[in-house]
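Enquirer: First the structure, which I've put down as structure tokens, then a few questions once you've had a look.
The values are calculated or read from the model by the stated rules, or taken from the named source; none is laboratory data. What you see is a predicted model, and the numbers here were worked out from it, not measured in a lab. Quick reminder, even Gly has a Cβ in these numbers, built from the backbone with ideal geometry, and neighbours come from all protein chains shown.
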Amino acid sequence: MDAIKDRKIRKVREQLTQTFNTILMALASLLLLSPMIWMISTSFKKAIDVFTYPIQWIPTDPVWTNHIKVWTTGDGFAMFYLNSLKISLVLMIGAPLLAAFAAYGFSRIPFKGRDAVFLLYLCLMMIPQQVLFVPKFIMFDWMNIYNTHWALILPGLFTVFGVFMIRQFFMSIPHEISEAAFIDGAGHFRIFFQLFLPLSKPVLATFAIIDFTWTWNDYENALIFLLDKRLFTVPLGMQNFMLEAGVDYNMMMAAATAGVVPLLIVFFLGQKYIIQGFSSSAVKG
């Protein structure tokens, strides 16, 4: 009887603990999401209702004109959107592929000093990006790609983090698989495209989502290397719109909401790959 009673008590404690943890996580999530909720809510408010107290989380008189004006006034928010989509999609596809090539070389092709070269390559992650602005400016001007989208695309194609992440996954693949392919007469290119790439879909998708987010939110590089407003990306376009809007916070929040939509779409479409990608790339160091 005592054993049955103890099991019931433990079960009740576990249920209470699980309920408490669920409530705590829900409150924490609500707290973290509150700025985004306020942003979306404000984008549907009139200017006079933005700073009313208490806060109107659900607008009493929602308006759509803010979102319409974002796309129809200023220098053309649609053009900024197309520029960001072009750059982000190119890097979303190209950066993971090039990183996978390098990761395969660092994980499966033996050459003298391979680990030392990879360690030096990882050291590039410790260099602040701000230190590279002047050298990149000089190089882009010499290459005649300053004030073009290539100034954002070419550096973005080569990422140390992507190589590291994908290499960790490749290191977890048993060597017996590639050795069996070599015995069957397959070379490195065939093994890479027909074996390693199909197996690495989760980690490639995860890095593609991360790279899309980085590129879409990139403000500093676009600010320094783009001068023509016709080439501006969404972060630069939002700042330009905010300067024009002055203190019109409802318009600012409408622009910010429009800028967040692609990130939410990409995240929700690829969220199932994120946990798989991080867990698989952390199997072996």
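Enquirer: Of all residues in the stretch 117-143, which are over 22 Å from the mean Cα position of the chain (by Cα) and either crowded, with 17+ Cβ neighbours inside 10 Å or under 20 Å from Phe232 (Cβ atoms) (or both)?
Expert: Within the stretch 117-143, Phe118, Lys136, Phe137, Phe140, Asp141 qualify.
Enquirer: Right, next: Of the residues Lys284, Lys272, which single one is over 23 Å from Ile40 (Cα atoms), modelled with pLDDT under 85 and assigned to a helix (DSSP H, G or I)?
Expert: Result: Lys272 is the single residue among Lys284, Lys272 that is over 23 Å from Ile40 (Cα atoms), modelled with pLDDT under 85 and assigned to a helix (DSSP H, G or I).
Enquirer: Would you pick out the residues in the stretch 48-81 that are closer than 20 Å to Asn217 by Cβ and exposed (fewer than 13 other Cβ atoms within 10 Å of the Cβ)?
Expert: Hit for the stretch 48-81 is Ala78, nothing else.
Enquirer: Show the residue pairs that are 6+ apart or on different chains and have beta-carbon atoms under 7 Å apart, the first residue being within the stretch 151-177 and touching a residue at least 12 places away in the same chain (Cβ under 8 Å), the second being outside any helix (DSSP H, G or I) and basic (Lys, Arg).
Expert: Note: pairs meeting the criteria are Gln168/Lys284; Met171/Lys284; Ser172/Lys284.
Enquirer: When only residues in the stretch 64-89 that are charged (D, E, K, R) and more than 15 Å from Asp228 (Cα to Cα) count, which is modelled with the lowest pLDDT?
Expert: Lys69
Enquirer: Identify all residues within the stretch 87-128 that are more than 23 Å from Leu204 (Cβ to Cβ) and among the charged types (D, E, K, R); write none if there are none.
Expert: The answer is Lys112, Asp115.
Enquirer: I've got another one for you. Quick check on my filter: what residues within the stretch 124-173 are aromatic (Phe, Trp, Tyr) and farther than 21 Å from Ala222 by Cβ?
Expert: Listed by number, the residues that qualify are Phe164, Phe169, Phe170.
Enquirer: Can you find a residue in the stretch 47-54 that is outside any helix (DSSP H, G or I), farther than 22 Å from Gln239 by Cα and aliphatic (A, V, I, L, M)?
Expert: Within the stretch 47-54, none of the residues are outside any helix (DSSP H, G or I), farther than 22 Å from Gln239 by Cα and aliphatic (A, V, I, L, M).
Enquirer: Of all residues in the stretch 185-206, how many are without any contact (Cβ under 8 Å) to a residue 24 or more places away in the chain and loosely packed, with under 15 Cβ neighbours inside 10 Å?
Expert: Result for the stretch 185-206: 7.
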